[in-house]
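Worksheet: one structure, shown below.
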Amino acid sequence: MQRNGSLLGSSFRFLTGALLITWLVLPLIPLAIWSFAKGWFYPSLLPKMWSLKAWKYAFSDTSGVLDSLWLTIGISLAATFLSVLVGVPAGRALGMYQFKGKSAVELLILAPMIVPGIAVVLGIHSVFISMGLTNSVPGVILVHLIPTIPYMVLVMAGIFANYDPAFESQARSLGASAPKTFWYVTLPAIMPGIIVGGLFAFLVSWSQYILTLLIGGGRVVTLPLLLFNFATSGRNDITGAIGMIYILPGIIILILTAKHLSGRSGAVGGFGQI
Amino acid sequence: MSDRFKIGLLLFPALSIIVVLFFGGLLVGLMRSFNYMPVIGLTQPDLSAYVSVFTDKEFYLSFLLTFHIAFTSTVISCILAVAAALLLRRQFIGRAVVNFLFQLNLTVPHLVGAIGILYLFSQSGSFARLAAEWGMIAGPSDFPALVFDPYAIGIILQYVWKEVPFIGVIVLANMQSIGEDYESVARSLGASRWQAFRHVLLPLIFPGMLSASVMVFAFTFGAYEIPAILGANYPAALPVLAYRHYTDVDLAARPEAMAMAIIIALLSAVMIYFYVRFSRQRVRS
Amino acid sequence: MTHVSLKQLTKIYPGSIEPSLDQLSLEIASGELTALLGPSGCGKTTTMKMIAGLLEPTAGDVTFDGRSVLRDKPEHRGVVMVFQNYLLFPYMSVAANIGFGLKMRKIDQTEIDRRVSEMLDLVKLPDLGARRPSELSGGQQQRVALARALIVQPNVLLLDEPLSNLDAHLRFEMRDLIRNLQQDMGITTIFVTHDQEEAVVLADKVALILDGRLKQYDVPSAFYSRPVDKATALFFGGQNFLAGTVNDDQFVTRFGSLRLSEKTPNGPGTLTIRPENIRIGSTADGRNSVVASLIDKIYLGTQTRLQCQVGETQLQVIANPNDVLEYEPGQNIPLLFPENALWVLQS
């Protein structure tokens, strides 16, 4: 407050800020360097030789990285699409209406956001076995809905809480049918919410590990599984390249939606799971 | 169409998926942990899985370790997040960069952070190399074990890296909507800077801070891939132990894995209780 | 009892070129109740925060009894600020809110309890100590905020728009409460407001600030009878401005001369008279009387507003409804300008 302008205060803030910046980017740096390194052994601080080998390998047809990338994108898109489909109506119910049992419904939806995947996925796995859903892409998509739907519902509930349904009544009174009203009035109004919520739901699905590992049974190898395998087998250069590819959608989505990513929007709550 | 019916119809798809998958999964897990599964001929529930879990020393070590990881990470992240939010409230050179990195960090999956921490802090990692460069260590084994270590330092470092921005962004938004006037009032009534923070700002941000921390605690208690990459083999974190039991060649270990999953779920139920309590409080004030 | 002076106080916020407050100098006598009046954004709240030590001035000085307080931290200035929206701490009881300042001074809890209950009586809320602020009405919250400020016995009390969030009948109650407490305790009090009515009903003296500059610092009635310029007159609801020339205590206009009671230097000027000071009728000798044409007549209950025209000049008149019953729009109406109600503005 009073001493805000003082030199001491501002240089202290600058130094702590610089420290914070360093710490925030630090873990990403060795990953980035490794992806261009050729034999980077202890105790060299930087690689003696640079190469694009890891990237070439990652983008080659034989490595499976690209297959895994398309598979992961497909799974996340499907999970996002399904979440939007069921999340928008549920968000409307929670955002626009007061009803008996609402807090119980909210609790049901909140629970999967807090309870870790490992606690439920073992039970799901033993049921999915009997249904033939294990080791399959549909099974993985289905199980990804557990973290993505609650998230989508919460975002949409926030959108609908600030939405005035009188516009719909106005459209109906002007002669629009119910589907036309939805298409021309409701959808444009909630579209920004759907886009932001959808992008974040995509990221939530994109980052799932244990759900995919168990239900996919090692047959459905999404990018995080591949990354984990390379990381634990000591292929640091390829790990670095896959790691860089893996964080790319998040960065793109961040640039698209930066203003929605402040803690003020309920959207940020779901980032505890990524 | 009555409102009740309409609301029911709107909620039905989402709720049915969540109830069937999530609560179904929990229920099946619960039944299997009691060795009860009529479909496959197990009709006599028993407590054998819990007995063997609770008589196993590794479980206790694992539980303590996991609790230590979750508790320590949450407390450290929370303190640093509040400090960072206080910093970000002020104008300084580089603030926009910190803000951007906070948000960037939210989108980077934990797994990537874990690998980054591994490359930084392992005994042949970047910091070990720096130490060697400065002649502080003779060889990799002289560097303190910060990953795969019994105190889970690497795991905690990873969580702190990832959760400081998460709690920080929420607390910062909280502080911005509260504004600075409450503290100004306190100062003009005679509170020192510290008193204004301690008696005014902290109680105001407390509910938001706590509900974010509850999410962090539940996540760090139940995450698998981070301790799987950075943790020691023995004792392993509870989710890792549960996974190992579940995928054990000996199918008899599965109910034990289920029992551990149920224990994790119970702990998260306690977290949900706190979350609901504090987020309600936040709405009220 | 503290004499407050502001000396050339200036604030330029970082990143802006225009000063938010431009060289404000004011002498506020001990125990006086002063209003800083001006439209929103004119630098009033900035001034208060600088007096309270919550904001650092770009230039100038604030002194209490001749001693500069700029280096004193806010908690050591003996200045308490009451914000417009009260800002009661929501998680504390009313009693804890009032006792806050004493707790910060590490005063014994039993002593705090005693003084809090004294304060509650003083602001006429004796039984509400255990409530939460959210359970109180706006007027009650205002009293609690006032009690919370007064309990620390400040040298200077700052009030931000103290009446503006209250409805009409509460305003008078609160005005009396503030005036009585302020006079009993003899605390030098400064409040800011954008509402001229709030300023005149509450303050001993009013400082009008327009565009970050002090226009006039005077007793409230002076702003109606002797505004320094047209902007000031307009701010206080002045509507009638006549161009002309002063010539030996006569104001010469196109439609005749008006006699002035105040000594006024000769030369061109603008004459102003308040709508409520123009009378209907004429003097026996026709001095200071004109015949105007009545354009419009609006009945407002306790008064009637007339719109008249003399030559090119529009005049607004507020009259007693009974005095103007016989006049209808389109007719002529005699207007009388009492000489002690006329004031020539500096150009």
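Values computed for the structure shown
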quantity: Test: residue in the range B:48-66 that is without any contact (Cβ under 8 Å) to a residue 24 or more places away in the chain and within 11 Å of another protein chain (Cβ to nearest Cβ); calculated: no
quantity: Only one of A:Leu122, A:Leu107 that is surrounded by fewer than 22 Cβ atoms within 10 Å (Cβ to Cβ), over 20 Å from the mean Cα position of the chain (by Cα) and either among the hydrophobic types (A, V, I, L, M, F, W, C) or closer than 30 Å to B:Ile264 by Cα (or both); calculated: A:Leu107
quantity: Hey, A:Ala111 assigned by TED's automatic domain parsing to the domain that holds A:Leu145 and touching a His at 6+ places or on another chain (Cβ under 6 Å) or not; calculated: no
quantity: Members of the range C:119-152 found to be away from chain B (no Cβ under 14 Å) and of a type in the set (Asp, Glu), listed by number; calculated: C:Asp121, C:Asp127
quantity: Conditions (1) crowded, with 23+ Cβ neighbours inside 10 Å; (2) assigned to a helix (DSSP H, G or I); (3) modelled with pLDDT under 95: number failed by A:Ile253; calculated: (1)
quantity: Enumerated helices (runs of 4 or more DSSP H) restricted to the range A:1-73, each holding at least 1 residues that are of a type in the set (Ser, Thr, Tyr) and either within 14 Å of another protein chain (Cβ to nearest Cβ) or touching a strand residue (DSSP E or B) at 6+ places or on another chain (Cβ under 9 Å) (or both); calculated: A:7-25, A:28-35
quantity: Hits in the range B:1-55 (condition: among the β-branched types (Val, Ile, Thr) and at pLDDT below 90); calculated: B:Val39, B:Ile40, B:Thr43
quantity: Total residues in the range A:113-153, condition among the hydroxyl-bearing types (Ser, Thr, Tyr), assigned to a helix (DSSP H, G or I) and more than 21 Å from B:His110 (Cα to Cα); calculated: 2
quantity: Test: residue in the range C:105-118 that is in contact with a Gly (Cβ under 7 Å, 6 or more places away or on another chain), in contact (Cβ under 8 Å) with a residue 12 or more places away in the chain and within 12 Å of chain B (Cβ to nearest Cβ); calculated: yes
quantity: All strands (runs of 3 or more DSSP E) inside the range C:233-347 with 1 or more residues being at pLDDT below 90; calculated: C:240-247, C:250-253, C:256-259, C:267-273, C:289-299, C:304-310, C:313-319, C:343-345
quantity: Counted residues, the range A:151-184 - those being in contact with a Phe, Trp or Tyr (Cβ under 9 Å, 6 or more places away or on another chain) and within 30 Å of B:Gly29 (Cα to Cα); calculated: 3
quantity: Helices (runs of 4 or more DSSP H) (entirely within the range B:177-258) containing at least 3 residues that are within 12 Å of chain A (Cβ to nearest Cβ); calculated: B:181-188, B:202-222, B:225-230, B:238-246
quantity: Residues satisfying the stated conditions in the range C:70-99, i.e. aromatic (Phe, Trp, Tyr) and in contact with an Asp or Glu (Cβ under 9 Å, 6 or more places away or on another chain); calculated: C:Phe83
quantity: Total residues in the range B:49-97, condition in a helix (DSSP H, G or I), hydroxyl-bearing (Ser, Thr, Tyr) and loosely packed, with under 14 Cβ neighbours inside 10 Å; calculated: 1
quantity: Selection within the range C:214-251 - among the charged types (D, E, K, R) and either in contact with a strand residue (DSSP E or B) (Cβ under 9 Å, 6 or more places away or on another chain) or surrounded by 16 or more Cβ atoms within 10 Å (Cβ to Cβ) (or both); calculated: C:Lys215, C:Asp218, C:Arg226, C:Asp229, C:Lys230, C:Asp249
quantity: Residue identified as out of contact with any Gly (no Cβ under 7 Å at 6 or more places or on another chain) and over 27 Å from A:Leu71 (Cα atoms) among A:Phe160, A:Phe182; calculated: A:Phe182
quantity: Where C:Leu170 falls short, out of the listed (1) surrounded by 15 or more Cβ atoms within 10 Å (Cβ to Cβ); (2) in contact with a strand residue (DSSP E or B) (Cβ under 7 Å, 6 or more places away or on another chain); calculated: (2)
quantity: All positions within the range C:171-230 that are among the acidic types (Asp, Glu) and either closer than 23 Å to C:Ala341 by Cβ or not in a loop (DSSP other than H, G, I, E, B) (or both); calculated: C:Glu173, C:Asp176, C:Asp184, C:Glu197, C:Glu198, C:Asp218, C:Asp229
quantity: Residue count, the range A:204-233 (criterion: more than 9 Å from chain B (Cβ to nearest Cβ) and hydroxyl-bearing (Ser, Thr, Tyr)); calculated: 4
quantity: Residues being more than 30 Å from the chain's Cα centre (by Cα), buried (at least 16 other Cβ atoms within 10 Å of the Cβ) and facing chain A (nearest Cβ under 7 Å) - total across the range B:98-142; calculated: 3
quantity: Test: A:Pro138 is assigned by TED's automatic domain parsing to the domain that holds A:Val204 and farther than 13 Å from A:Val86 by Cβ; calculated: yes
quantity: Residue within the range A:160-177 that is within 14 Å of chain B (Cβ to nearest Cβ), of a type in the set (A, V, I, L, M, F, W, C), surrounded by 21 or more Cβ atoms within 10 Å (Cβ to Cβ) and assigned to a helix (DSSP H, G or I) present; calculated: yes
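Every residue, every condition in (1) touching a Ser or Thr at 6+ places or on another chain (Cβ under 6 Å); (2) surrounded by fewer than 19 Cβ atoms within 10 Å (Cβ to Cβ), yes or no:
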{"position": "C:Asn97", "(1), (2)": "no, no"}
{"position": "C:Leu102", "(1), (2)": "no, no"}
{"position": "C:Arg105", "(1), (2)": "no, yes"}
{"position": "C:Ser117", "(1), (2)": "no, yes"}
{"position": "C:Leu120", "(1), (2)": "no, no"}
{"position": "C:Gly129", "(1), (2)": "no, no"}
{"position": "C:Leu136", "(1), (2)": "no, yes"}
{"position": "C:Glu161", "(1), (2)": "yes, no"}
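Rundown of residues vs (1) more than 30 Å from A:Val185 (Cα to Cα); (2) touching a residue at least 60 places away in the same chain (Cβ under 8 Å); (3) more than 7 Å from every other protein chain (Cβ to nearest Cβ), yes/no style:
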| residue | (1), (2), (3) |
| --- | --- |
| A:Val115 | yes, no, no |
| A:Ile129 | yes, no, yes |
| A:Gly132 | yes, no, yes |
| A:Asn135 | yes, yes, yes |
| A:Pro138 | yes, no, yes |
| A:Thr148 | no, yes, yes |
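The values are calculated or read from the model by the stated rules, or taken from the named source; none is laboratory data. This is a predicted model, so every value here is computed, not measured. Glycine gets a Cβ as well: all are built from the backbone with ideal geometry, and neighbour counts include every protein chain shown.
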